[in-house]
Structures are given as C-alpha cells and as structure tokens.
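Report on one structure; see the data block that follows.
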Amino acid sequence: MDRFLIHGGRPLFGSVSVASAKNAVLPILAACLLTEEECAIRNVPALEDVRTMLKLLAALGVSVQHSGRTVRLCAGGRIARSAPYDIVRRMRAGYYVLGPLLGRFGEARVSLPGGCAIGARPVDLHLKGLEALGARVEVEHGYVQARARRLAGAAMRLEGTRGPSVGATANVMMAAVLARGETVIDGAAREPEVVDLAAFLGRLGADIRGAGTPTVRVRGVRRLGGADFRPIPDRVEAGTFAVAAALTGGRVQVRNCRPEHLAAVVDKLGEAGAEVTCERRSLTVTGRGRPRPLCLGTAPYPGFPTDIQAQFTALLAVADGTSVVTENIFEARFLHTMELARMGADIQVSGSVAVIRGVPRLSGAQVMASDLRASAALVLAGLVAEGETEVRRIYHLDRGYERLESKLGALGARIERRGDD
Ligand code: EPZ
C-alpha cells in the first residue's frame, strides 16, 4: 500500500491546473448507457474511481476506448442489466448505472452500495424517485432489482432529512429522460455536477429544464443520440489547493477552475485572512500569517461543501483562536480529527460539531487516511507540520486526486510517494 512522506514547512508558490470533476465525470460516464450511439468524454482524469466506473461499464458490455485523456464509450451492443457487488462495493458511484439501465431497458439489478467511512449512505431517495416513475423495486440478497415496462413521468419531492441528494437527483434524472411524459423533481440537488450531467444529457438530446434550481423538469424523449463533452473542472480539487496556499502562507494560482462554483469557500478563506483574487477561469490565493478562526457549517450547494470540510479543519487547526465546524451532510465525517490530534491539533468532536482550538504549530507524525477528503486534510496538515509526516493508506486519495504529490511538488512541497518497503 502506497504512502506519502511529507517534510513540512515550505510555503507553496506557483500555478496549478485542476482536472475535470470526479463527481461530474462518474454520472456522465454512467449516462452513456442511455444511448446506443458513441459518446466522447474529454479530459477524463486518471483516478481510481474513474477506472472502477469504466470497468463496471465494460463488464456491462459497453465498449470503452481511451485515446489520451478522451474516453469513447458505446453502449450499442448487448448490455447486461446487472451490476455486480464486486465492482459496486469498491465505489458508491457504481450505483449510478441503476437509473440509465432502468430508463433504457426497463430492468436493472444493482448491488446495494453499503455504508462507508463517512457514515451511513442510504439509497431510499433514489428508490423513492424510481418508484414514482412507475418502477417496481425490490431489495433482495443485497441487490436492488428494479423493473418497469416503460417509465412514466411523475411529480416527486426528493429531499431527505439532510437536504437534497446529489445521487438521487442524478439517478432519477437519468431514468426520466427516456420516460413517457414529464417528470418534475422538487427538492432537487443544485450542485454544479448535477447541472453538468443535465448539460450532457441535453447534448444527447434530452429535454431538461431547471437544473441548478430546486425544481428540475424532464420531458421524456423516445431515444438519445451521441455527444462529445468536456465535464466541468473539479471544485473540490481547486478548493484543496486554495486551502494549501492559505495554510502554508504561500501564493498559488489555481487554473482551469470555475470560481463561481467555489463562492462559499472563497468567502471563508477571506474570513480566515487569506487574500483571494478570482478571475474567469482561475483564482489566486495568498496566505497571510496565521489563519483567523471561523465558524462554519456544511450545507448543500450553494452552501459550504462537505467535501472541503476536512481540508478547512486542517487550516483551522493552526488558527489564532477557536473555531467551530458543523458537519450537516454526513453523520461521521470527522475521522480526520483524530489523526490531526496525533499531529498536535486540539479538536473536540461532539456529534456533528468540532471545536478546534488553534495551536501555533503541528508536529509531523505517522497518520492513517480514512476516506478521500480526510486524506487530503492529512496531507495539508503535513505541509505545515514540523518534521516528517507519513500518510498511510493513500489509496483513498488516489480515488479522487490525480497526481496530487506531483502537483504539490511542482508548487514547492517536499512530498514523495513510497510503496511497501
Ligand atoms: C455526492 O454523494 C458526492 N459523491 C459526495 O462526494 C458528496 O460528499 C455528496 O454528494 C454531497 O455533496 C459523488 O458525487 C460520487 P447525497 P451522494 O445523496 O450523492 C442523504 C467525495 O468525497 N441521503 O447528496 O452519495 C445522505 O445520507 C464525496 O467526493 C439519504 O438520506 O450524496 C446525506 O446525508 C463523498 N437518502 C445527504 O442525503 C438517499 O437516498 C446527501 O447525500 C440519498 C442520500
């Protein structure tokens, strides 16, 4: 298992370009199941989750061809309707094949994804939406089995107790594009990745309105064509580099990003004392001394993203005062705080609230990554810690960050990847 060795203490300087958004690319790849024509997806990042999704699609019978960073997919041949546990267990987003398989073939069998390190990950809203479209859904032997002769448009409300669901909105949208009549999703997730999926489906010929607002309307069409598409840049990767600049007291230009997708993050970085300049496709962050403490709570888009909470926790660990961070989206997304404590951070977690008393410095230590964004937080902490930090189990990181060590290295960080000794 690979690990990172980081020698802290160097401010980051320079410019870095972010990849396409993992969380946009994954549903878009699954959506290629909706058409028998070829789809070309550009600038696809080399991430473990993307490889898993492509493996799943290939296992279903989709032809998958790479040329550089473009992936061409064609679901024109015989397509299986069942997504096996062995692949779906590796990545929750495997669940995204449910909507397209059901929408196009009237039948889908997908292994239940199970929980993960950030807490329970229920799928009730996905199933509620598909049932509203007329599918008969059964959960048996760890699989969801859904059937319908042809789905029929319907009105539904998809919000759960913690707000809208990105995954359920995407899955239902994909199922509804080939349904008979109009579907109205109220309480839809407004995340940019949902909007990008709607844009892709639109290119295939789907009729979707209101993506990015709480009400999405889908008018079903008979069939979809192919498309050539470049997904949006990764706002979480961009946010991670922005925090790295602020935390190390450096100055980093984050290129190929969409600052408008990061408004809540830019606000909080400014409140923490960093200087942030936004341009159309880039933002530049300059760290100015010790961060100021913050009070922040995660929320559905356009609120502060849960996927950047862990990175901010690392920033606030060295703030000049006490911060309060509330995680409102996932129930157990504070595992990184225990590892940060091993590096000298003073963080008390009670339920969904973390109280962080900033310390002047962190000290390098051996720490263990528990999930994707928690790993990023540990790497960020390692960049400012005194001495050497070893982050183990970075396979979590490889699921969502492309060549993180070489991108950070190019900005001046001392970080190297080591395999098993
Ligand atoms: C997506 O997960 C992202 N994953 C997550 O990215 C991200 O943290 C999350 O959205 C929130 O922004 C992908 O896009 C592949 P949700 P998703 O359904 O769709 C509850 C990362 O690090 N809920 O919006 O699974 C759920 O428990 C990650 O890249 C139900 O109650 O998230 C949570 O509390 C991890 N019932 C809330 O809704 C359901 O049926 C939001 O979850 C579905 C969800």
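The values are calculated or read from the model by the stated rules, or taken from the named source; none is laboratory data. Remember, it's a predicted structure, so these values are computed and weren't measured experimentally. For neighbour counting, all protein chains shown are included, and Cβ atoms are generated from backbone atoms with ideal geometry for every residue, glycine included. The area values use the complete protein model at the heavy-atom level, side chains included, leaving out ligands, DNA and RNA. Shrake-Rupley method; radii C 1.70, N 1.55, O 1.52, S 1.80 Å.
Computed values, structure above
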quantity	calculated
Pairs where the first residue, in the stretch 292-306, is over 17 Å from GLU191 (Cα atoms) and at pLDDT 95 or above and the second is within 12 Å of the ligand (Cβ to nearest atom) and not in a strand (DSSP E or B), C-beta under 8 Å, 6+ apart	LEU296/GLN309
Strands (runs of 3 or more DSSP E) lying entirely in the stretch 161-266 (those with 1 or more residues that are away from the ligand (no atom under 16 Å from the Cβ) and of a type in the set (S, T, N, Q))	182-186, 215-219, 251-255
Test: GLY153 is in contact (Cβ under 8 Å) with a residue 60 or more places away in the chain, crowded, with 22+ Cβ neighbours inside 10 Å and either aromatic (Phe, Trp, Tyr) or in the same structural domain as VAL221 (by TED's automatic domain parsing) (or both)	no
Candidate set from the stretch 334-368 (those that are touching a residue at least 40 places away in the same chain (Cβ under 8 Å), in contact with a helix residue (DSSP H, G or I) (Cβ under 8 Å, 6 or more places away or on another chain) and over 17 Å from ILE394 (Cα atoms)); member that is surrounded by the fewest Cβ atoms within 10 Å (Cβ to Cβ)	ARG361
Count - residues of the stretch 68-118 that are more than 16 Å from the ligand (Cβ to nearest atom), among the hydroxyl-bearing types (Ser, Thr, Tyr) and within 21 Å of GLY134 (Cα to Cα)	1
Pairs with Cβ under 9 Å, 6+ apart, first in the stretch 2-15 and open to solvent by 40 Å² or more (accessible area, probe 1.4 Å), second in a loop (DSSP other than H, G, I, E, B) and at pLDDT below 95	ASP2/ARG393; ASP2/ILE394; ASP2/GLY419; ASP2/ASP420
Any chance ARG333 is over 22 Å from PRO233 (Cβ atoms), charged (D, E, K, R), outside the structural domain of GLU191 (by TED's automatic domain parsing) and within 15 Å of the ligand (Cβ to nearest atom)	yes
Pick from the stretch 125-160, criterion out of contact with any strand residue (DSSP E or B) (no Cβ under 8 Å at 6 or more places or on another chain) and assigned to a strand (DSSP E or B), ranking: farthest from ALA198 (Cα to Cα)	GLU140
